[in-house]
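**Q** Just dropping this structure here.
The values are calculated or read from the model by the stated rules, or taken from the named source; none is laboratory data. Note that the coordinates shown come from a computational prediction; the quantities given were computed from them, not determined experimentally. Positions of Cβ are backbone-derived with ideal geometry, glycine not excepted, and every protein chain shown enters the neighbour counts.
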Amino acid sequence: MRAPTGTTWREYLTAATPTSRRHATVQRVYLAWVPFSRNPTAIVGLVIVALVVAVAMFAPWLASHSPIAQDLSYRLAPSTAAHWLGTDELGRDIYSRLVWGTRTVLRVIFLVAVITGPIGLIVGAAAGYVGGWWDAALMRITDIFLAFPRLILALALTSALGPGIDNAIIAIGLTGWPPLARLARAETLTIRSSDFIAAARVVGASASRIVFRHVMPLCMPSLIVRLTLDMAGVILIAAGLGFLGLGAQPPQPEWGAMIASGRKFVFDQWWIAAYPGIAICILSLGFNLFGDGLRDALDPKAST
């Protein structure tokens, strides 16, 4: 993609009037990237998240051993040249299980976002735009979900569905949409009184068309920020379910389950539980820093 003839990239990206829809999209991305790139903590968060994604993508080449292969002759071994981060109670390589565990945690993060994002956006936008009894009914349902601690509700749902990573993802997703719905509703209440919404009604646009084509796209930046900031909580809840045996099942490598298996040896063979805990802290910190940077770049309220 090149800038139009006779125009520099800077002039193209900062033009007062976009010449096309694609031009406007490129401008929005550029104008969001400029403040984001000037935030050093946001860049640190982006680098952490990008590194974890890269580790997950290249796990077969980065792992030094099979994540499930047992070697009891190396049981509870400390860090050595053969096992960089030591081994667990079954002789499995901690480093390799951490590397492969990134795929599990990123799978949880992605699928939870896919579940919670659309549900929260649709519920909040519909409630805020339609109003009346529809708004009251949807918000009372939302309040019921918000009345319970998210981890407790996820535990109850996972117990009902049965242990397993797929059921854990469903449980976390079904308990994570209410804050997003509240945010989308607040955004919609502001947007629905705008002149362009009134113009859409005048030309005969239906309520569903206005909600899906005009209201929801304007709610997306705030929801993306909130979803990113929520990912640290999702990581902790998924690790908590894995710790309790309700998440990923053995021998699948999962950071919470690794901490659970190492809690019996925490005083003598500390590395079994310590390294997965450090990985959880680093990735959670990365998403928090990344989300803060996105908030400053995308949320218009942050600049007012």
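**Q** Here is a list of conditions, (1) of a type outside the set (D, E, K, R); (2) over 30 Å from A15 (Cβ atoms); (3) surrounded by fewer than 18 Cβ atoms within 10 Å (Cβ to Cβ); (4) at pLDDT below 90, and G86 meets all of them except one; can you say which number that is?
**A** Against the list (1) of a type outside the set (D, E, K, R); (2) over 30 Å from A15 (Cβ atoms); (3) surrounded by fewer than 18 Cβ atoms within 10 Å (Cβ to Cβ); (4) at pLDDT below 90, G86 comes up short only on (3).
**Q** Hey, any hits in the range 75-94 for a residue that's of a type in the set (K, R), part of a helix (DSSP H, G or I) and under 20 Å from G256 (Cβ atoms)?
**A** No, every residue in the range 75-94 fails to be of a type in the set (K, R), part of a helix (DSSP H, G or I) and under 20 Å from G256 (Cβ atoms).
**Q** Among the residues of the range 125-132, are any of a type in the set (A, V, I, L, M), free of Cβ contacts under 8 Å to residues at least 60 places away in the same chain and surrounded by fewer than 18 Cβ atoms within 10 Å (Cβ to Cβ)?
**A** Looking for residues that are of a type in the set (A, V, I, L, M), free of Cβ contacts under 8 Å to residues at least 60 places away in the same chain and surrounded by fewer than 18 Cβ atoms within 10 Å (Cβ to Cβ), one finds none in the range 125-132, hence no.
**Q** Looking only at the range 36-74, count how many residues are more than 16 Å from A279 (Cβ to Cβ) and assigned to a helix (DSSP H, G or I).
**A** Selection size over the range 36-74: 14.
**Q** From the set of residues in the range 162-196 that are touching a helix residue (DSSP H, G or I) at 6+ places or on another chain (Cβ under 6 Å) and β-branched (V, I, T), which is surrounded by the most Cβ atoms within 10 Å (Cβ to Cβ)?
**A** Residue satisfying both the conditions and the ranking: I172.
**Q** Only one residue in S73, S96 is surrounded by fewer than 19 Cβ atoms within 10 Å (Cβ to Cβ), touching a residue at least 12 places away in the same chain (Cβ under 8 Å) and polar (S, T, N, Q). Which one?
**A** Result of the check over S73, S96: S73.
**Q** Inside the range 244-256, can you point out the residues that are within 25 Å of I152 (Cβ to Cβ) and either surrounded by fewer than 20 Cβ atoms within 10 Å (Cβ to Cβ) or at pLDDT below 90 (or both)?
**A** L244, G245, L246, G247, A248, Q249, P250, Q252
**Q** Within the range 98-112, which residues are closer than 10 Å to I169 by Cβ and hydrophobic (A, V, I, L, M, F, W, C)?
**A** Selection gives V108, I109, F110, L111, V112.
**Q** Among the residues of the range 249-267, are any more than 19 Å from L106 (Cβ to Cβ), assigned to a loop (DSSP other than H, G, I, E, B) and of a type in the set (A, V, I, L, M)?
**A** Yes, there is a match, as at least one residue in the range 249-267 is more than 19 Å from L106 (Cβ to Cβ), assigned to a loop (DSSP other than H, G, I, E, B) and of a type in the set (A, V, I, L, M).
**Q** List pairs: first in the range 219-244 and over 14 Å from R182 (Cα atoms), second of a type in the set (A, V, I, L, M) and not in a helix (DSSP H, G or I), Cβ under 9 Å, 6+ apart or cross-chain?
**A** These pairs meet every condition: A238/A248; G240/L246; L241/A248; G242/A248.
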